[in-house]
Amino acid sequence: MNQPSRTQTPPARVTILGIPVDNVTEDEAIGRIAGFLEAAEGVSTPHQVVTVNPEFVMEAQQNAPFREVLLRADLAVPDGFGLLLAARWLGTPLRGRPRAWPSPAE
């Protein structure tokens, strides 16, 4: 398994069974979405964010329209421990998995 050295920049996207997943932390995902919103002020420019989980990756293998939606997304956030494991197994570990909702303590 090839592990990136600490001095290498991690890849911006990791591809798992042909489906790209952005290698973003929670803060980076929020920043990218905020950037989409700021850039869109006064302009009608849609952006699509998908939360790719293992079930999505498997569905995309046999559902071409669904695969196209995932391939065209502006941001593909990793969602699911299975994606973290698959990326690590492929030698391109993801840096994290953004949470979908804040915990009740927050």
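The values are calculated or read from the model by the stated rules, or taken from the named source; none is laboratory data. Because the structure is predicted, anything quoted here is derived from the model rather than measured. Neighbour counts run over all protein chains shown; Cβ positions are idealised from the backbone, glycine included.
Across segment 76-90, which residue is modelled with the highest pLDDT among those that are closer than 10 Å to residue 52 by Cα and either of a type in the set (Gly, Ala, Ser) or surrounded by fewer than 19 Cβ atoms within 10 Å (Cβ to Cβ) (or both)? Write out each step before concluding.
As a first pass, look at segment 76-90 and keep what is closer than 10 Å to residue 52 by Cα: 76-80, 83.
Okay, now just the ones that are also either of a type in the set (Gly, Ala, Ser) or surrounded by fewer than 19 Cβ atoms within 10 Å (Cβ to Cβ) (or both), so 76, 80.
Details: 76: 95, 80: 86.
By that ranking, first place goes to 76.
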Inset, instruction - Select from segment 43-83 the residues that are under 10 Å from the mean Cα position of the chain (by Cα) and part of a loop (DSSP other than H, G, I, E, B) and write down the one among them that is nearest to residue 12 (Cα to Cα). - result: 74
Legend entry - Close pairs from segment 4-25: first closer than 13 Å to residue 83 by Cα, partner at pLDDT 60 or above and among the polar types (S, T, N, Q), Cβ under 7 Å, at least 6 apart: 13/23; 14/23; 14/92; 17/61
